[in-house]
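The values are calculated or read from the model by the stated rules, or taken from the named source; none is laboratory data. Computed from a prediction, not measured in an experiment: that's the story for all the values here. Ideal geometry is used to build each Cβ from the backbone, glycine not excepted, and the neighbour counts take in all protein chains shown. Ligands, DNA and RNA are stripped out before the accessible areas are found, and what is left, the full protein with its side chains, is counted by its heavy atoms. Shrake-Rupley method; radii C 1.70, N 1.55, O 1.52, S 1.80 Å.
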2 protein chains.
Amino acid sequence: MGSSLWPPPEVTMEVHVKNRDKLLSSLRQHLSESSRPLHGFVLLQGGQEQTRHDTDHIELFRQESYFAYLFGVKEPGFYGAIDVGTGNSILFAPRLPAEYAVWLGEIQPLSYFKEHYKVSSTCYTDEIASVLQQHYHCSGKPLLYLLHGLNTDSNNFSKPAEFQGIDKFDKDLTTLHPILTECRVIKSDLEIALIQYANDISSEAHIEVMRKTRVGMKEYQLESIFLHHTYMYGGCRHCSYTCICATGDNSAVLHYGHAAAPNDKTLEDGDMALLDMGAEYHFYGSDITCSFPINGKFTSDQSLIYSAVLDAHNAVISAMKPGVNWVDMHILAEKVILESLKRGDITLGNVDDMMTARLGAVFMPHGLGHLLGIDTHDPGGYLKGLERRKEPGLKSLRTVRDLQEGMVITVEPGCYFIDALLLPALNSPETSKFLNREVIDRFKGFGGVRIESDVLVTAVGCYNMTKCPREIQEIEAVMAGAPWPPQKISTHVGNGLQS
Amino acid sequence: MGSSLWPPPEVTMEVHVKNRDKLLSSLRQHLSESSRPLHGFVLLQGGQEQTRHDTDHIELFRQESYFAYLFGVKEPGFYGAIDVGTGNSILFAPRLPAEYAVWLGEIQPLSYFKEHYKVSSTCYTDEIASVLQQHYHCSGKPLLYLLHGLNTDSNNFSKPAEFQGIDKFDKDLTTLHPILTECRVIKSDLEIALIQYANDISSEAHIEVMRKTRVGMKEYQLESIFLHHTYMYGGCRHCSYTCICATGDNSAVLHYGHAAAPNDKTLEDGDMALLDMGAEYHFYGSDITCSFPINGKFTSDQSLIYSAVLDAHNAVISAMKPGVNWVDMHILAEKVILESLKRGDITLGNVDDMMTARLGAVFMPHGLGHLLGIDTHDPGGYLKGLERRKEPGLKSLRTVRDLQEGMVITVEPGCYFIDALLLPALNSPETSKFLNREVIDRFKGFGGVRIESDVLVTAVGCYNMTKCPREIQEIEAVMAGAPWPPQKISTHVGNGLQS
Ligand SMILES: [Mn+2]
Ligand SMILES: [Mn+2]
């Protein structure tokens, strides 16, 4: 099969021009409000190619995300500056040795990068100090706004730019990070279009995988089908993250698929598949999970858990709009799931009491979703002094913010039967009373279900950018070969006459 | 289509048991010859997962190669030791937090790793100092043989193991690296079987790509077909290196395909394709290049250059056997190519004079080939005080060794029209006299041809492990749909009666 999306869309560097404009105006506004002078330079260092250990094996380079946001440069070894006073942008390219042309390709002139990346000027990286000093027309040392701040998903700090001659500059390490991160939280129309394309090709690839899934295959074959579809027909060389292709009990391992759990189980009749896979296009990602029965037909137990998660997914999307708090959405999802589990006799008693006992976190230990953009876990979830919650489940939330127009956030409720959580819960007096031990035993080895869509917050509500079959009958139909999206019988065709 | 190779072969950890035995006996022999005591520990540190910059994006982990050689461990965060006195092997596994079971998968007991990786015992990485001291029954500080040495392809040094309590040990940083590297140079039968499988599935994938190549496609679509075939049908999650899918003038860029030259050209009628792609299976790699016309039919100019390279490829393979020096093979390849170019009126004059003027390096600036194994550029090319040559072409050789039985080495002659080399050669009095400027002008934009096979040195000669169509008529037939390998018409069928 091919794809209706081929060829992939042209990418315009206008997206990064807009990103820079946005940063510039945010930064200037902040400086004005703090009565600070409007001069100095934002300076970012792009990523470098990495070799594997002591060898000359080079891992395929993917740009550092903040640098990608502002400059869109795919090549390694660049720096980029924005003159806070004039708004001019300057790219610094590495000066390549002549033999580069033999081994690695044409050496582009500076003018190529200026035109291609739509910046005001380009120089070489060995000229950073001198060029920035030439551009500086005020007294004293020029001020550099460098990127330094905490990533609240990794607990790592971004590394401020370093270059020969940096001692001739004053450095500000605190102003830039929160302002630039906040810029990334709200997506522009051009950014949204890229995320939409990543969603479109990834949704199509998920459907391709569903259709080709057969008992007896290996999990990694599903990964291979996905990767091939998104690269072959979507031009996506990178994925947002390592594919999670979990079947059977593996689907209760939230971040399955890594090197120590490498998607290598054989697909078994009667098992569920939980496939969390998303392609990236020009740095912007998607993050999509589909759950379905490997043999194409839901059992009643599979329907029970799947519907619980789908109801939560749909309830959240129905409630999302600007001003809504994400913790409330997480709690809503938990509540919908617990109500379903109660109807299925898996849990017993009063749902509000279960919520007080944080029983939801036994079945869904992860957060409901996260900001999505150039990073899968896009930064900015805890800006402006927001604090992480302490309770099980809630402490895993990657943001506790109120929704705002232009945010793209994943909605990914799940329900899992995880021994490492269920056994303690069955043994704790606070939670064991809610758990129907006999029914839960029936779900031993079931694994789990996750449904994940990428949702854009709009002015009045939200828009689901992910276009996968979600209803049980839709999934069964698509897996049996029905077209997707479903073909509607048109009642207004041809010349408008009744047919 | 599927693959005749499915399912991928079972991997036995016996390969690494043998690798350890080999190191142990080499090391003991060396120590005995130097009248040094036969005790202490070889200690290696395995690789760690890496996050991308400040984010929680984890790159798919692939084990450090020396550690993979000795222990075959796919998981990150391990250490491994070999007791020089007893020969016992000890794996040290990371002590995983309880929440690992929720997020990343089952926490395996130490006994699992002992059994799976066939080591004498397993402990935790926080026990390295105490366990090694317990195992040590001699006086004084126990001696650690740590890995420290130069990789002559990258010019990087391997990083010796570090751990809490290392100050209680004496350290030897010089003995281990050359001995362990030399072990890797000569492959065991079990290693050869893995390299053969990587070759088999990659050869098949190259053929699949040839058959699906069409004018108008993008280079990266050829990469995607290759990756899909080797993963889907071969279980190869990693490639040995980033795919080089170069067409037209890109085929003169030796290491095309990286992030700054990302296989994104449209395939054009009349252009050649140069595809350098190889899959890796259980750490062991392949490295294969096929060159063919995109439209499936060689022009006379394409035949001329292709045949020049194929003749060199075949001449080298015909001459390879133990004791033959690799520099001589490089020179043989150059000479065969220059003779062909002379017959094609591209070069003029006496070939021996061209050789003296190093004209071969204008058309083939890279080395003839390199050792292949767990690394694409497997280490050991310049062991035992061997020195790199200074002349163009020869200085690019990744080894200057005499061939030995059990070496696997790539044979990859090429002939390229590289402006950055041809223009200076046309302007230099030493070389311009050999170059037919008018004919060379005809090849502007031609790019280049490379033919690369992985060749095992045997007791009496060599064996080509790569099974791709190489003759012009074979390539044209396969691209037109003929079966590969060619089906022979059997003259002895059925009941043995003449049909
Ligand atoms: Mn997600
Ligand atoms: Mn090679």
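Points to keep in mind about this one:
- For residues of A:42-55, the mean tally of beta carbons on other chains within 10 Å: 5
- Charged side chains reduced to their Cβ positions (Lys and Arg at +1, Asp and Glu at -1) give the range A:199-479 a dipole of some 300 debye around its Cα centre.
- Computed over the range B:14-185, relative contact order equals 23 percent, with contacts defined as Cα pairs under 8 Å that lie 6+ residues apart.
- Hz values of 3J(HN,Hα) by residue in the range A:32-49 - Karplus curve (6.51, -1.76, 1.60), Gly and Pro given as x: 4, 5, 8, 6, 9, x, 8, 9, x, 9, 6, 10, 10, 9, x, x, 10, 4
- Binned Cα-Cα distances of the range A:367-499, short to long, each 5 Å bin given as a whole percent: 2, 8, 11, 13, 13, 13, 13, 11, 7, 3, 2, 2, 1, 0, 0
- Relative to its residue count, the range B:199-479 spans a Cα convex hull of 123 Å³ per residue.
- Cβ-vector label at 7 Å, B:E33, separations to other copies in nm: 7.3
- Rotation relating A and B, chain B residue nearest the axis via C-beta, angstrom: B:H228, 2
- Per residue, the accessible area of the range B:133-271 comes to 36 Å², computed with a 1.4 Å probe over protein heavy atoms only.
- The range A:170-314: proportion of alpha-carbon pairs further apart than 22 angstrom, %: 48 percent
- With a cut-off of 13 Å between beta carbons, the residues surrounding A:L27 carry a summed charge of -1, where Lys and Arg count +1 and Asp and Glu -1.
- On Cα atoms only, tilt of B:219-232 relative to the major axis of chain B in degrees: 40 degrees
- Inter-copy separations for A:L96, label at 7 Å along Cα-Cβ, nm, ascending: 4.3
- Equivalent-ellipsoid semi-axes of the range B:14-185, from the Cα gyration tensor, Å, largest first: 27, 19, 16
- Percent of Cα-Cα distances greater than 15 Å, calculated over the range B:117-178: 60 percent
- Relative contact order computed over chain B (Cα-Cα under 8 Å; 6+ residues apart), in percent: 14 percent
- Fraction of accessible area attributable to carbon and sulfur, the range A:199-479 (%, probe 1.4 Å): 51 percent
- Long-range HN-HN contacts of B:L144 with modeled amide H, under 5 Å: B:F41, B:D170, B:K171, B:D172
- Across the range A:94-233, the fraction of Cα-Cα pairs farther apart than 18 Å, rounded to a whole number, is 76%.
- Taking every alpha-carbon pair in chain B and binning the separations at 20 Å intervals from zero gives 21, 49, 25, 4, 0 percent.
- With helices as the sole contributors, chain B gives -10000 deg cm²/dmol at 222 nm; each DSSP H run of n ≥ 4 counts as -39500 (n - 2.57), and the sum is divided by every residue.
- Taking amide hydrogens as placed 1.01 Å from N in the peptide plane, the amide H of A:V324 sits under 5 Å from those of A:L403, each at least 5 positions away in sequence or on another chain.
- What you get for the range A:14-185, charging only the Cβ of Lys and Arg (+1) and of Asp and Glu (-1), is a dipole of about 560 debye around the Cα centre.
- Rounded to whole Hz, the Karplus (6.51, -1.76, 1.60) HN-Hα couplings of the range A:79-87, x for glycine and proline: 10, x, 10, 10, 7, 5, x, 9, x
- Listing of the range B:93-108 residues, each with accessible area lower by at least 50 Å² in the full protein assembly than in the chain alone (probe 1.4 Å): B:V102, B:W103, B:L104
- With bins 5 Å wide beginning at 0, the percent of Cα pairs of the range A:392-455 falling in each bin runs 4, 13, 18, 20, 15, 12, 10, 7, 3, 0.
- In sequence order, calculated HN-Hα J values of the range B:388-399 (Karplus, 6.51, -1.76, 1.60; Hz; x Gly/Pro): 5, 6, 9, 6, x, x, 5, 5, 8, 5, 8, 7
- Across the range A:106-139, the residues whose backbone nitrogen lies under 15 Å from the label position 7 Å along the beta-carbon direction of A:K168 are A:124-139.
- Cα-based values for the protein assembly as shown, radius of gyration first and Dmax second, are 30.4, 102 Å.
- Helix axis angle, B:326-343 relative to chain B longest principal axis, alpha carbon, degrees: 20 degrees
- For chain B, the longest principal axis of the Cα atoms and the long axis of helix B:189-212 meet at an angle of about 40 degrees.
- Ranking A:A161, B:Y256, A:C245 by how far each Cα lies toward the positive end of the dipole of the protein assembly as shown (charges on Cβ) leaves A:A161 at the top.
- For B:A259, distant residues with modelled amide H under 5 Å away: A:F61
- Nitroxide proxy distance, nm - points 7 Å out along Cα→Cβ at B:S32 and B:R442: 6.5 nm
- The protein assembly as shown - charge dipole about Cα centre, Lys and Arg +1 at Cβ, Asp and Glu -1, debye rounded to 20: 400 debye
- Label distances, nm, A:V439 versus same residue in remaining copies, Cβ-directed 7 Å point: 8.5
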